[in-house]
Amino acid sequence: MLILVGLGLYIDLLPLRSLAALARCDKVLIDAYTSAPREAVERVYEVLRAMGKRVSLAKREDLEGESIARIAEEARHSDVCIAVLGDPLIATTHSAICTEAASRGVKVVVIPAPSIHCASITATGLMSYRFGRSVTLVTPKNGVFYEYPYDVIKENLSLNLHTLLLLEMDAEKGFFMDPCEAGRLLMELEKRRGEGVLRSDTLVVVLSRVASPRH
C-alpha cells in the first residue's frame, strides 16, 4: 500500500489519523525539499526515529524521476508512507507516484492535513470566498522576469478578490525569498507593465511562520 500522509504545518498540529498511518507503515519517506521550515521536517524525522521506524529524509531525486517506479513497486509488497508537511497533494508533484502505483494495482491512500493555503487565509481573518487564484512569485532567471503573478493579481483585483501570493523557496538550498525582496519584484513588474495594478499604497498582509509559535 502507498500512503501519502499530510503532516500539517508543525508537529504539534500533526493530525491523529496521520500519526496512526505513520506508526503503521513499514517505511516512511519524508519530503524534505518542497516543505518549510526545515526544523519542522527534522522534528518529525526525530520522532519517527525514536519510534523505531524505518525513516529517511527524501531529496527530490528520491521521490521523482526514476525513483517513482521503485517506490510504486516497493509499495506492492509493503506499506510505504510519503510524508509531506502541510497537505500531501495540494501543491506538490507527488501525484505522479500515485498514478504509477495505481497502474501497478497498488492501493493508494491520501490523508489530507491543514496546508499553508488554508492556514494563511485563517491568519488574515479574511473570508476564503473572497480569494481568487493563488500564485507563486519567483526571482528573475537570467534576467528574465516571470510576469504571470502580475496577471493573476490583475485578474483577481478585477473581480474584487484577494490574492494569496506564495514566495519562492528551495528547502534543499536553504533559499527563502524575503518579503522585502518580493515587494521590490512586484514594483519592478509594475514598472515594466505599467498597467496601474500595483501601487505604493496597495494594501498587503505579510505572513511568516504561519501556525508556528513564532508566527
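The values are calculated or read from the model by the stated rules, or taken from the named source; none is laboratory data. Keep in mind that what you see is a predicted model, and the values were worked out from it rather than measured. Virtual Cβ from ideal backbone geometry, glycine too; neighbours counted across all protein chains shown.
Report, by residue number, each residue of region 144-165 that is at pLDDT below 95 and within 21 Å of the chain's Cα centre (by Cα).
Selection gives Tyr146 alone.
Among the residues of region 40-61, how many are within 20 Å of Cys98 (Cα to Cα) and surrounded by fewer than 18 Cβ atoms within 10 Å (Cβ to Cβ)? Steps first, please.
Pass one, region 40-61, residues within 20 Å of Cys98 (Cα to Cα): 55-61.
Retained after the next criterion (residues that are surrounded by fewer than 18 Cβ atoms within 10 Å (Cβ to Cβ)): 56-57, 59-61.
Final tally of qualifying residues: 5.
Restricting to region 163-185, count the residues that are over 10 Å from Val138 (Cα atoms) and of a type in the set (A, V, I, L, M).
Count: 3.
Within region 166-215, how many residues are surrounded by 14 or more Cβ atoms within 10 Å (Cβ to Cβ), of a type in the set (Val, Ile, Thr) and over 26 Å from the mean Cα position of the chain (by Cα)?
1
So which residues in region 37-60 are part of a helix (DSSP H, G or I), of a type outside the set (Lys, Arg) and more than 17 Å from the chain's Cα centre (by Cα), if there are any at all? Give the steps one after another, and end with the answer.
First pass over region 37-60, keeping only residues part of a helix (DSSP H, G or I): 38-50, 60.
Add one more test, that the residue is of a type outside the set (Lys, Arg), and what stays is 39-42, 44-48, 50.
Answer for region 37-60, where residues must be part of a helix (DSSP H, G or I), of a type outside the set (Lys, Arg) and more than 17 Å from the chain's Cα centre (by Cα): Tyr45, Glu46, Val47, Leu48, Ala50.
I want to confirm something. Restricting to region 25-39 and keeping residues that are farther than 22 Å from Val109 by Cα and touching a residue at least 40 places away in the same chain (Cβ under 8 Å), which single residue is surrounded by the fewest Cβ atoms within 10 Å (Cβ to Cβ)?
Top of the filtered list is Arg38.
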